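Participant: Take this structure first; my questions come after.
The values are calculated or read from the model by the stated rules, or taken from the named source; none is laboratory data. This structure is a prediction, so every number in the text was calculated from the model and none was measured. Positions of Cβ are generated from backbone atoms using ideal geometry, with glycine treated the same way; all protein chains shown enter the neighbour counts.
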Amino acid sequence: MSVVRNEHERIVEAPARKVGALIDRLSAEDDPVFPAPAWPAIAFDRPLGVGAVGGHGPVRYEVTVHEPGRRLRFGFTEPANGFHEIVVEPLGEERCRVRHVLEMRPRGMERLLWPTVVRPVHDTMIEELLDNVQRAATGHLPRPTRRPRRVRLFNRLAWDRPEAVDIPEGARLIRDALDRPAYRDAYRMELPPGLPRDPAAWTVVLRDAFPVLAREGGELLMDVDTAGVTARASILVDERHVTLSTVARADTLRGRLYWGVVRLGHPFMARLMLRRTHRAFALAAPSAAERAANAPGGATGTDHSTVSAPSHFVSG
């Protein structure tokens, strides 16, 4: 396959200086344009500027050109080759064009993956980024981008998996909840902007309305006793992660028989439920532009930067 060149552009009814200022906030804590958390957030090893290294998801690149308010170019790092860039062009005092250009020469499997997987996902992400630029700059977006069915499928398949960890030091409630537990585990996921910081919202992970025994700071402890098994579950939300922890002890013969079977599937189900809830929250979250506008000091001055518990799991 020869060189790939992929272009997207959007006419925005706002001054170029205003739009350029939005682009210059890419990867910042208050980034108003990158379409996270529905897609992996863009991040660098330092503030945005020439030499900053990072990327989003598995895509790695370095800032090679930064003309504040006008142009950003990112050079792909090895083994990829090529670049992508964002340019803001004034079209008068109150109008501008935002253009995103990607240029690369696919190698090996990239020749197959680019047209089948990478391009449709890339096209959708860039159009959602331009949606955020338009919404943040003008305050409205008449026709938001729709994700094609196969892009929704790729998004679901590529969603991060929970990581198995020790029960966190900060999960003090569950650490003290049960004497001599015979079983304990914990799984955590990154907590990007836009997802709930209230552990009570994350109780939907367990589907059932289990009694809440205690709450301390960012941790909530639940009674999940069943069939002769004494068990506790904890949701801990800290600055970076949401962690689901479980401790259990079988107290009767029936409980030991029951738990001997259930524990085989428990790790799979715990991971599955946490991952599904994490994705459901991310897809239901306000856009980056909406979060920036509604944050304290934003356009409305009201903080709606997180999403409440979804009434059902998002299937798309």
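Participant: Looking at region 2-42 only, could you name the residues that are touching a Ser or Thr at 6+ places or on another chain (Cβ under 7 Å) and loosely packed, with under 15 Cβ neighbours inside 10 Å?
Facilitator: Once the filter is applied, which keeps residues that are touching a Ser or Thr at 6+ places or on another chain (Cβ under 7 Å) and loosely packed, with under 15 Cβ neighbours inside 10 Å, region 2-42 yields only Glu13.
Participant: Another one. What's the number of the only condition in (1) part of a helix (DSSP H, G or I); (2) of a type outside the set (A, V, I, L, M); (3) not assigned by TED's automatic domain parsing to the domain that holds Arg175 that Arg271 fails to meet?
Facilitator: (3)
Participant: Here is a further query. Val205 is checked against (1) buried (at least 18 other Cβ atoms within 10 Å of the Cβ); (2) under 29 Å from Val88 (Cα atoms); (3) in contact with a helix residue (DSSP H, G or I) (Cβ under 9 Å, 6 or more places away or on another chain) and fails just one. What number does that condition carry?
Facilitator: (2)
Participant: So is Ala137 in a helix (DSSP H, G or I), of a type in the set (Gly, Ala, Ser) and surrounded by fewer than 17 Cβ atoms within 10 Å (Cβ to Cβ) or not? Outline the logic, then answer.
Facilitator: Numbers: in a helix (DSSP H, G or I): yes; of a type in the set (Gly, Ala, Ser): yes; surrounded by fewer than 17 Cβ atoms within 10 Å (Cβ to Cβ): no.
It is false that Ala137 is in a helix (DSSP H, G or I), of a type in the set (Gly, Ala, Ser) and surrounded by fewer than 17 Cβ atoms within 10 Å (Cβ to Cβ).
Participant: Quick test of your reading of the structure: Ser245 fulfils all but one of (1) over 21 Å from Asp30 (Cα atoms); (2) at pLDDT below 95; (3) among the polar types (S, T, N, Q). Name the failing condition by number.
Facilitator: So the condition that Ser245 fails would be (2).
Participant: Follow-up question, since we're still on this one. When the residues of region 14-47 are filtered to those that are in a loop (DSSP other than H, G, I, E, B) and small (Gly, Ala, Ser), which remaining residue is farthest from the chain's Cα centre (by Cα)?
Facilitator: If we take residues in region 14-47 being in a loop (DSSP other than H, G, I, E, B) and small (Gly, Ala, Ser), then Ala14 is farthest from the chain's Cα centre (by Cα).
Participant: Considering Arg99, Arg147, which residue is of a type outside the set (Phe, Trp, Tyr) and within 30 Å of Val237 (Cβ to Cβ)?
Facilitator: Numbers: Arg99 fails: within 30 Å of Val237 (Cβ to Cβ).
Just one listed residue meets the conditions, Arg147.
Participant: Could you tell me whether Arg249 is outside any strand (DSSP E or B) and in contact with a Phe, Trp or Tyr (Cβ under 9 Å, 6 or more places away or on another chain)? Spell out the reasoning first.
Facilitator: On the way: outside any strand (DSSP E or B): no; in contact with a Phe, Trp or Tyr (Cβ under 9 Å, 6 or more places away or on another chain): yes.
It is false that Arg249 is outside any strand (DSSP E or B) and in contact with a Phe, Trp or Tyr (Cβ under 9 Å, 6 or more places away or on another chain).
Participant: Got a sec? Which of Arg111, Arg107 is modelled with pLDDT under 95, basic (Lys, Arg) and part of a loop (DSSP other than H, G, I, E, B)? Quick ask: steps written out before the conclusion?
Facilitator: Numbers: Arg111 fails: part of a loop (DSSP other than H, G, I, E, B).
None of the other options fit; the residue is Arg107.
Participant: Out of region 60-102, which residues are among the hydroxyl-bearing types (Ser, Thr, Tyr) and out of contact with any Ser or Thr (no Cβ under 9 Å at 6 or more places or on another chain)?
Facilitator: Let us first name the residues in region 60-102 that are among the hydroxyl-bearing types (Ser, Thr, Tyr), namely 61, 64, 77.
Result: Thr64, Thr77.
Participant: Right, next: Given the structure, is Arg147 in a loop (DSSP other than H, G, I, E, B), touching a helix residue (DSSP H, G or I) at 6+ places or on another chain (Cβ under 6 Å) and either touching a residue at least 12 places away in the same chain (Cβ under 8 Å) or of a type in the set (S, T, N, Q) (or both)?
Facilitator: On the way: in a loop (DSSP other than H, G, I, E, B): yes; touching a helix residue (DSSP H, G or I) at 6+ places or on another chain (Cβ under 6 Å): yes; either touching a residue at least 12 places away in the same chain (Cβ under 8 Å) or of a type in the set (S, T, N, Q) (or both): yes.
Considered against the rule, which asks whether it is in a loop (DSSP other than H, G, I, E, B), touching a helix residue (DSSP H, G or I) at 6+ places or on another chain (Cβ under 6 Å) and either touching a residue at least 12 places away in the same chain (Cβ under 8 Å) or of a type in the set (S, T, N, Q) (or both), Arg147 comes out as yes.
Participant: Another question about this same structure. Within region 220-238, how many residues turn out to be surrounded by fewer than 23 Cβ atoms within 10 Å (Cβ to Cβ) and either within 18 Å of Ala164 (Cα to Cα) or not assigned by TED's automatic domain parsing to the domain that holds Gly260 (or both)?
Facilitator: 3
Participant: Also, I was wondering about something else. Would a scan of region 74-82 turn up a residue that is crowded, with 16+ Cβ neighbours inside 10 Å and out of contact with any Asp or Glu (no Cβ under 7 Å at 6 or more places or on another chain)?
Facilitator: There is at least one residue in region 74-82 that is crowded, with 16+ Cβ neighbours inside 10 Å and out of contact with any Asp or Glu (no Cβ under 7 Å at 6 or more places or on another chain).
Participant: Quickly run through region 88-109 and pick out the residues that are free of Cβ contacts under 8 Å to residues at least 60 places away in the same chain and either closer than 20 Å to Val19 by Cβ or surrounded by 13 or more Cβ atoms within 10 Å (Cβ to Cβ) (or both). Full working, then the answer.
Facilitator: From region 88-109, those free of Cβ contacts under 8 Å to residues at least 60 places away in the same chain are 92, 107-109; that's our starting set.
Across region 88-109, the qualifying residue is only Gly92.
Participant: Further question: Just to check your reading of the model, which residue among Arg188, Arg180, Arg197 is closer than 29 Å to Pro40 by Cα, in a loop (DSSP other than H, G, I, E, B) and out of contact with any helix residue (DSSP H, G or I) (no Cβ under 6 Å at 6 or more places or on another chain)? Full working, then the answer.
Facilitator: Working: Arg188 fails: in a loop (DSSP other than H, G, I, E, B); Arg180 fails: closer than 29 Å to Pro40 by Cα.
None of the others qualify; the one that does is Arg197.
Participant: Starting from region 71-84, keep only residues that are outside the structural domain of Gly55 (by TED's automatic domain parsing) and within 14 Å of Arg99 (Cα to Cα), then list their pairs with residues that are modelled with pLDDT of 85 or more and outside any loop (DSSP other than H, G, I, E, B) whose Cβ atoms are within a distance under 6 Å, requiring at least 6 positions of separation or different chains.
Facilitator: Cβ pairs passing all conditions: none.
Participant: The conditions are (1) surrounded by 14 or more Cβ atoms within 10 Å (Cβ to Cβ); (2) within 18 Å of Ser245 (Cβ to Cβ); (3) out of contact with any strand residue (DSSP E or B) (no Cβ under 8 Å at 6 or more places or on another chain), and Glu169 fails exactly one of them. Which is it?
Facilitator: If we test Glu169 against (1) surrounded by 14 or more Cβ atoms within 10 Å (Cβ to Cβ); (2) within 18 Å of Ser245 (Cβ to Cβ); (3) out of contact with any strand residue (DSSP E or B) (no Cβ under 8 Å at 6 or more places or on another chain), just (1) comes out false.
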